[in-house]
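The structure appears right after this line, and notes come after that.
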Amino acid sequence: MSEPIPGRNARLLVPPLVRTGEEFQVRLLIQHPMETGFRRDVDGNILEVNLLESLSLDFEGQPVFNALTMNALTANPFLTFVVAVKQSGKFNARWRDMKGNVGSISASVRVVAA
Amino acid sequence: MKALAVLPWWLPAVDAFAQPTPQKPLDERLRAAKVERGGLSLDIPTLAETGTSVPVVLFVDPAKLAGRTVARLGIIAPQNPRPVALELELGSVLAQPRLTTAIRLGATQAVIGVAQLSDGTLWQHAIEVLLTGSACFDGT
C-alpha cells in the first residue's frame, strides 16, 4: 500500500449559490501531518520536520489570505474565513510543504442578483 | 528603515504584553508603533484538555476600525518551541477580519493575538491558557 502524498487531499467548502455582496464562509481543510520535528517514532528516531511552508487562498486572482507562518497549526489544518464577492468565480487555494510537496484545490461559487 | 523591516511586525505587541506599565520599548526602533487593546478579540479556551488541537477565533471589532483595514493577523505562543504560531496577510475579498482555526500549544501560557491595521497600529489581546496535556511529549 502506498502512502498518500501529504497535502494532496483537501477540501475547500463554499456555498454553491450566494447573493451579490452576501457574506459567506469559506472553509479550507488540508490533510497534512504538520510534523513538528519534535516527535519521535517507536524506535526513538526523530520524525523529520514537515510543516506547511506557504499557503494562500485567492478569488479570481484577488487575495483572501496569505499565510506567512504556520508553525503551530494542528495536523490537518482547518481554516475558516468570512468573505463577500460581487460576481461568480472560483476560489483557489495552493500550498507547499517543507518537503516540496505542493497541492491546490479550487471551488466555484455562483452569484445571483440580490 | 531597512533595519526596521527585519524586525517582526508583531514584536511591539508582545513587548507591550510583557511590560504592562508602559516602559522603554525593547528596541528603540519600535517606539513609533502604537499598541492598543480593545479592538481585537482572541477567543480561545482558558482550559485546554490537549495542546495538540486548541480552537481559536481571532476577530476584530469593525466599529473600531474607523476606515482602516486589517492588514495582518498573528497568534504568538511565547512558550511554544516555535513561538510564532501563525501569521497571515489578509486580502480584499474578506468581508470580516475574522479567522477561525486550531493551533498546537506546548505549555500553559498566555497566548497573544495581534492585528496590524493599515495605518501601522497594532491591536493586541492576550489570554492565559491552562494546558492539561502538551503537544510536545519530548521535553522540548
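Checked against (1) touching a residue at least 24 places away in the same chain (Cβ under 8 Å); (2) facing another protein chain (nearest Cβ under 10 Å); (3) part of a strand (DSSP E or B), A:A93 meets all criteria but (2). Applying the condition of being surrounded by fewer than 19 Cβ atoms within 10 Å (Cβ to Cβ) and of a type in the set (G, A, S) to the stretch B:103-140 and asking which residue is nearest to the other protein chains (Cβ to nearest Cβ) yields B:G139.
Any idea which residue in the stretch B:46-86 is nearest to the other protein chains (Cβ to nearest Cβ), counting only those that are of a type outside the set (A, V, I, L, M, F, W, C) and crowded, with 21+ Cβ neighbours inside 10 Å? I'd like the intermediate steps shown before the answer.
Here is the first cut: in the stretch B:46-86, the residues of a type outside the set (A, V, I, L, M, F, W, C) are B:46, B:49-53, B:55, B:61-62, B:64, B:67-69, B:72, B:74, B:78-83.
Cutting the leftovers down to crowded, with 21+ Cβ neighbours inside 10 Å gives us B:51, B:74, B:80.
On the way: B:G51: 9, B:G74: 8, B:N80: 6 Å.
It comes out as B:N80.
Within the stretch B:28-43, if we keep just the residues that are surrounded by 15 or more Cβ atoms within 10 Å (Cβ to Cβ) and not charged (D, E, K, R), the residue that is modelled with the lowest pLDDT turns out to be B:L30.
Taking the stated definitions as given, is A:Q31 out of contact with any helix residue (DSSP H, G or I) (no Cβ under 9 Å at 6 or more places or on another chain) and surrounded by 13 or more Cβ atoms within 10 Å (Cβ to Cβ)? Yes, satisfied. Scanning the stretch A:52-83 for residues that are more than 15 Å from the chain's Cα centre (by Cα), at the interface with chain B (Cβ under 7 Å from one of its Cβ atoms) and surrounded by fewer than 16 Cβ atoms within 10 Å (Cβ to Cβ) yields one hit, A:Q62.
The values are calculated or read from the model by the stated rules, or taken from the named source; none is laboratory data. These numbers come from a predicted model, not from an experiment. Heads up, the Cβs are rebuilt from the backbone with ideal geometry, glycines too, and the neighbour counts pull from every protein chain shown.
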